[in-house]
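The next block holds one structure in the form of structure tokens; read it before the comments.
The values are calculated or read from the model by the stated rules, or taken from the named source; none is laboratory data. Given the structure is predicted, the values throughout are model-derived calculations rather than measurements. For neighbour counting, all protein chains shown are included, and Cβ atoms are generated from backbone atoms with ideal geometry for every residue, glycine included.
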Amino acid sequence: MKKEIPRMLRNASTVYAFDFFQTLLQPKSGSIFGKFFGMRLLFNPHRLGIRWVIIAAIPKFWYPLIKLHCILNGLNPAQIILSNKWFSRKDSEKIILNNLLNISNNDRVLNYVNPSLIRRIRYVSNNLGLVKYINSNVNTLYNNVLAQTVTDFWEQKYDSII
């Protein structure tokens, strides 16, 4: 039985941000490059008809390989946002939170998206610790950012909040 595709908030003011590893693609076991080239697609947000980006706290040198995976798997994000460091991966939670807040405050402009239209950002990740960190450090009076797990995304638990 196929999983039913949920009805999403499809408007110009909502941008969905997805984590890359364990959310969109699942790596297999093995070496680092074996994991990367042996990944399988979990789901494709492009088929939902929503405006979405990839935000991950991995180093910049992974960008061409992530772009290659997007092309091979039919993923068409508006933009891929990675860490601003080439090799370091320190403070990954802060990097993702800062990127989300910069998009929310129009300090970072997304490709193909008018920055004045963005009012809500929904970050989807399977990392429960990261979801809790983002939700506990976002001031909802000034920033309309909500982090949720993939299960909450599919069941649309927080649609009334945002």
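In table form, for the structure just shown:
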| item | result |
| --- | --- |
| Residue in segment 29-42 that is among the hydrophobic types (A, V, I, L, M, F, W, C), modelled with pLDDT of 80 or more and surrounded by 13 or more Cβ atoms within 10 Å (Cβ to Cβ) present | no |
| All positions within segment 46-64 that are without any contact (Cβ under 8 Å) to a residue 60 or more places away in the chain, in contact with a Phe, Trp or Tyr (Cβ under 9 Å, 6 or more places away or on another chain) and either surrounded by 13 or more Cβ atoms within 10 Å (Cβ to Cβ) or within 21 Å of Leu130 (Cα to Cα) (or both) | His46, Leu48, Ile50, Trp52, Val53, Ile54, Ala56, Ile58, Pro59, Lys60, Trp62 |
| Count - residues of segment 41-58 that are over 13 Å from the mean Cα position of the chain (by Cα) and over 17 Å from Pro27 (Cα atoms) | 3 |
| In segment 129-162, residue nearest to Pro45 (Cα to Cα) [restricted to those that are touching an Asp or Glu at 6+ places or on another chain (Cβ under 7 Å) and at pLDDT 75 or above] | Leu130 |
| Qualifying residue in segment 78-88 (condition: assigned to a loop (DSSP other than H, G, I, E, B), modelled with pLDDT under 85 and crowded, with 19+ Cβ neighbours inside 10 Å) | yes |
| Selection count, segment 13-28, where residues are modelled with pLDDT under 80 and either among the hydrophobic types (A, V, I, L, M, F, W, C) or within 21 Å of Leu128 (Cα to Cα) (or both) | 6 |
| Residues located in segment 65-77, provided they are outside any loop (DSSP other than H, G, I, E, B), surrounded by 15 or more Cβ atoms within 10 Å (Cβ to Cβ) and either touching a Ser or Thr at 6+ places or on another chain (Cβ under 8 Å) or aliphatic (A, V, I, L, M) (or both) | Ile66 |
